[in-house]
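The values are calculated or read from the model by the stated rules, or taken from the named source; none is laboratory data. What you see is a predicted model; the values in this text were computed from it and never measured. Cβ atoms come from the backbone with ideal geometry, glycine included; neighbour counts cover every protein chain shown. Accessible surface is based on the protein model in full, side chains and every heavy atom, while ligands, DNA and RNA are left aside. Shrake-Rupley method; radii C 1.70, N 1.55, O 1.52, S 1.80 Å.
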Amino acid sequence: MSLTLAAQKSEPVHLHFTPLYQGKALVPYEDGEPTSSSYIETFKCYLSAFKLIADGKVVWEETDSYHLLDASDPKTLEVHLTVPLRMAWDHVEFLLGIDSLTSVSGALGGDLDPTKGMYWEWNSGYICMKLEGHSPSSAGPNGGFLFHLGGYLPPFAFFRTIDLAMFSAGEQNITIDLDAFLSAIDLRTRYNVMSPGEAAHELGGTAATIFRCDNAK
């Protein structure tokens, strides 16, 4: 009986994330002969601290809110929030990356488990966004580029707040425009960022601009 009542008091909000590359939903290259000289092998990022906003005020926030998106695992691109039934909201807010407090807590479990390949070490914290691939524009070895972006110490903390206007009803589709991210980088001179610091911080500012809601208000 109590479980039934609890179920009636909440409803799901489904957020569908689509990494976009060359104008299409990203399918990471895995093995075999590449069909193009431009391709992405890995895209992962942490999204955390999800909140729903109504008229500028927080009306709901997720506890233990850590989600690792991995383009090679489609089920991770679906983030499901359980919110009070018929609650009105007009924006969703979340962090791209992991906040400082969590980063200094050491390696944790779930999506934060170091086996996910997104943890450096205690004094560097988590890799908040990982993008690996090849491009003719890159001056890196064999045209490669590697961006392992993170860091929690000021003044070069990576994490950014993303705020998107949305309808509160129905499913929400959110695009992550990797074309926009890569076009903002001169791969002739910057093709490899693998540690916290000023470069990662700068790219965090770029990464914060590539999220958009396809059915926004």
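Where in the range 20-81 are there strands (runs of 3 or more DSSP E), lying wholly inside it, with at least 2 residues that are closer than 21 Å to Y191 by Cα? Write out each step before concluding.
Working: elements: 39-54, 57-61, 66-70.
Output list reads 39-54.
Kindly indicate whether E93 is modelled with pLDDT of 95 or more and open to solvent by 60 Å² or more (accessible area, probe 1.4 Å).
So E93 fails the test.
Going by the conditions given, is K57 of a type outside the set (F, W, Y) and either within 18 Å of D177 (Cβ to Cβ) or surrounded by 13 or more Cβ atoms within 10 Å (Cβ to Cβ) (or both)?
Values: of a type outside the set (F, W, Y): yes; either within 18 Å of D177 (Cβ to Cβ) or surrounded by 13 or more Cβ atoms within 10 Å (Cβ to Cβ) (or both): no.
Taking the combined requirement at face value, the residue does not satisfy it.
Name the residues in the range 153-178 that are in contact (Cβ under 8 Å) with a residue 40 or more places away in the chain and more than 15 Å from the chain's Cα centre (by Cα), would you?
L153, P155, F156, A157, A165, M166, F167, S168, G170, E171, Q172, listed by residue number.
Within the range 82-97, track down each residue that is over 16 Å from D163 (Cα atoms) and in contact with a Phe, Trp or Tyr (Cβ under 8 Å, 6 or more places away or on another chain). Before the answer, list the steps.
So in the range 82-97, the residues over 16 Å from D163 (Cα atoms) come out as 82-88.
Answer for the range 82-97, where residues must be over 16 Å from D163 (Cα atoms) and in contact with a Phe, Trp or Tyr (Cβ under 8 Å, 6 or more places away or on another chain): V83, P84, M87.
Here is a yes/no grid of residues against (1) at pLDDT 95 or above; (2) open to solvent by less than 40 Å² (accessible area, probe 1.4 Å); (3) in contact with a strand residue (DSSP E or B) (Cβ under 9 Å, 6 or more places away or on another chain):
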{"residue": "S37", "(1), (2), (3)": "no, no, yes"}
{"residue": "F43", "(1), (2), (3)": "yes, yes, yes"}
{"residue": "I53", "(1), (2), (3)": "yes, yes, yes"}
{"residue": "I98", "(1), (2), (3)": "no, yes, yes"}
{"residue": "T102", "(1), (2), (3)": "no, yes, yes"}
